[in-house]
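Before any comments, here is the structure.
The values are calculated or read from the model by the stated rules, or taken from the named source; none is laboratory data. These figures come from a predicted structure and were not determined experimentally. Virtual Cβ from ideal backbone geometry, glycine too; neighbours counted across all protein chains shown. For the accessible areas, the whole protein counts, side chains as well, though only heavy atoms, and no ligand, DNA or RNA atoms are used. Shrake-Rupley method; radii C 1.70, N 1.55, O 1.52, S 1.80 Å.
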Amino acid sequence: MVASHDQNFIDGRWIRPASVERIQVVCPSTEEIIGEVPAAGQSDVDRAVGAARAAFAHGDWRNFSHDERSTVLERAFRILDAGVDDLAQLVTAQMGLPITAAARQVPDSLARGRWFVEQAGALPRSEIRQGRVVAAVVREPVGVVAAIAPWNSPFNSILMKSVPALAAGCSIVYKPAPESPLDAFHVTEALRQAGVPDGVFNLVTGGRETGQTLVAHPEVDKVSFTGSTAAGREIGAVCGRNFTRVQLELGGKSAAIVLEDADLNVTIPQLVIGGFANSGQICSALTRILIPTHRYREVADALVAETAKLHVGNPFDPATTTGPLVSRRQRDIVEGFIASGLSEGAKLLAGGGRPRDQERGWFVQPTIFGSADNSMRICREEIFGPVVALVPYHTLEEAIAIANDSDYGLHGAVFTQDPVAALHVAQSVQTGTFSVNAFAYNTEAPFGGVKASGIGRDTGREGVEAYFELKTINLDPGTHSLLA
Ligand code: NAD
């Protein structure tokens, strides 16, 4: 075992939860148990939310100046800076992201955290509006935040959810995914050592039930959830009943539209990254590739050839580009989709099975289905694995209609040398995010989806604003003079 924890962090202390249930963390490339964490129960969640509520009511952190909060958070970042190599190893061990990618992701996430703190500092806390009466529009921290994360980008998730909330002055109860909870213990310890006041940041570990208990808690003011659409639908309903503010970052089935004039030297490498990075376990993955019939054979052949260059294997080997799937369950799901693609008549152009040279680990070969139809399950449902479907189209308007014929609306991309056509497509596809000639992700801009891909935005200035509540204070001459 590399990392076992029998405690959660509640009210400024590492404590053993009342629940005796435990969750084992299994390394997806070796299938060995590498850690164990508690599965927090109702009384543990109550305690964590109660601590967060008391800290918010007491006001130490929320009444700190931005500079004071920023100083504490910078101390935590520096503690984490010192451990980036170990953190990258931990990310790879928990969920199989190749080490070269994890080694980039960890410092990138820290840089992004620092940027979120700056953004929170730059937001005006109060603005005067002239009307029938003069009003101050005040931004206040939203309160107690329950933040729940998926397993596919664990270190990024904890920073992306916790730092904006903390920088806004909120209190948090954070629950990582049961598959990849280990790095959250390091972030929590860094926040403790940095001097975040008791109760302001709480860590509870556990699975779905722990998450459900947290979401339904009446003392939670806002839920920030990233995960599957199925869970998001359930969480949205609970939050709707309780009037809990909710932000849902959910699944996707994003289309890449290759236009007639696309430069394949640019397009193909981006399609390979967009479909197979993190073994396809990326919400914004480009999994439907729409290709004009004239160029279908050329694009399909080039994509198959480029995909063959991927090196699937031990994620700790720096030469590996493609690691395993996170769990046996996830591999079963992905293999079920591959079987459905075959039975519905799509043509297998690459992959489709497990790599022969891997004796252990939940690996699936990068898989390309050709001649797919948008009505097939592989085109309609999120697979969350290394499987893409090529869909031929005749006209641009047909391609846009296919891209929009989806329950999801998270991301999409267009590949063309014509900037006018690129913008036309970008503006016609109904998604929250779109990329031109790239599989891109810009954390200085808002990220999120429409339709079944969610509600609200993470990242960007808007992702920080999401942790504030607006209050209007209609002023009289006395109060106005205080704010003017
Ligand atoms: P999941 O929904 O099964 O679990 C996500 C988290 O929610 C976990 O911590 C889990 O324990 C918890 N959970 C599950 N059901 C819950 C419920 N009913 N109430 C409260 N908590 C609950 O998702 P996953 O399999 O861990 O992650 C993969 C999914 O996440 C994919 O659908 C992917 O697209 C999505 N995702 C979306 C984004 C985005 O920004 N849009 C980013 C990453 C991943």
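Taking first residues from the range 64-75 that are open to solvent by 40 Å² or more (accessible area, probe 1.4 Å) and partners that are outside any helix (DSSP H, G or I), the Cβ contacts under 7 Å between residues at least 6 apart in sequence or on separate chains come to Arg75/Gly195. Looking across Ala149, Ala93, Ala165, Ala184, one residue alone is in contact with a strand residue (DSSP E or B) (Cβ under 8 Å, 6 or more places away or on another chain), within 16 Å of Val464 (Cβ to Cβ) and surrounded by 21 or more Cβ atoms within 10 Å (Cβ to Cβ). It is Ala165.
Here Tyr393 does not fit the description of being surrounded by 24 or more Cβ atoms within 10 Å (Cβ to Cβ) and either of a type in the set (Phe, Trp, Tyr) or at pLDDT below 95 (or both). Scanning the range 1-41 for residues that are under 30 Å from Ala55 (Cα atoms), loosely packed, with under 15 Cβ neighbours inside 10 Å and of a type in the set (A, V, I, L, M) yields Ala18, Val20.
In the range 211-220, the residue that is farthest from the ligand (Cβ to nearest atom) out of those that are assigned to a helix (DSSP H, G or I) and crowded, with 23+ Cβ neighbours inside 10 Å is Leu214.
Quick grid of which residues meet (1) in the same structural domain as Arg112 (by TED's automatic domain parsing); (2) among the acidic types (Asp, Glu); (3) under 21 Å from Val137 (Cα atoms):
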residue	(1), (2), (3)
Ala426	no, no, no
Thr443	no, no, no
Phe447	no, no, no
Thr459	yes, no, no
Gly463	yes, no, yes
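Being over 21 Å from Arg377 (Cα atoms) and among the small types (Gly, Ala, Ser) is the filter; apply it to the range 279-324 and report the residue that is nearest to the chain's Cα centre (by Cα). Going through the qualifying residues, I end up with Gly323.
Open to solvent by 10 Å² or more (accessible area, probe 1.4 Å), within 16 Å of the ligand (Cβ to nearest atom) and touching a Pro at 6+ places or on another chain (Cβ under 9 Å) - does that describe any residue in the range 187-210? Scanning the range 187-210 turns up at least one residue that is open to solvent by 10 Å² or more (accessible area, probe 1.4 Å), within 16 Å of the ligand (Cβ to nearest atom) and touching a Pro at 6+ places or on another chain (Cβ under 9 Å). In the range 392-406, the condition of being over 25 Å from the mean Cα position of the chain (by Cα) and closer than 30 Å to Arg331 by Cβ is met by at least one residue.
A single member of Ser279, Ser327 is of a type in the set (Ser, Thr, Tyr) and crowded, with 23+ Cβ neighbours inside 10 Å, and it is Ser279. Of everything in the range 96-116 that's open to solvent by less than 10 Å² (accessible area, probe 1.4 Å) and closer than 20 Å to Val464 by Cβ, which residue is nearest to the chain's Cα centre (by Cα)? The selected residue is Ser109. Taking the criterion of being within 11 Å of the ligand (Cβ to nearest atom), in a strand (DSSP E or B) and either surrounded by 20 or more Cβ atoms within 10 Å (Cβ to Cβ) or among the small types (Gly, Ala, Ser) (or both), the residues of the range 434-482 that qualify are Phe447, Gly454, Asp458. Glu260 meets the conditions (1) of a type in the set (Asp, Glu); (2) surrounded by fewer than 24 Cβ atoms within 10 Å (Cβ to Cβ); (3) within 15 Å of the ligand (Cβ to nearest atom) in every case but one. The failed one is (3).
Among the residues of the range 396-439, just one is of a type in the set (S, T, N, Q), touching a residue at least 60 places away in the same chain (Cβ under 8 Å) and out of contact with any helix residue (DSSP H, G or I) (no Cβ under 9 Å at 6 or more places or on another chain), namely Thr433. Taken over the range 285-312, the criterion of being open to solvent by 10 Å² or more (accessible area, probe 1.4 Å) and not in a helix (DSSP H, G or I) is satisfied by Thr287, Ala308, Lys309, Leu310, His311, Val312. All of Val246, Val223 fail the test of being outside any helix (DSSP H, G or I), buried (at least 24 other Cβ atoms within 10 Å of the Cβ), within 12 Å of the ligand (Cβ to nearest atom) and not assigned by TED's automatic domain parsing to the domain that holds Leu410, apart from Val223. Residues of the range 372-405 being more than 16 Å from the ligand (Cβ to nearest atom) and of a type in the set (A, V, I, L, M), which ones? Residues satisfying the conditions are Ala372, Met376, Ala389, Leu390, Val391, Leu396, Ala399, Ile400, Ala401, Ile402, Ala403.
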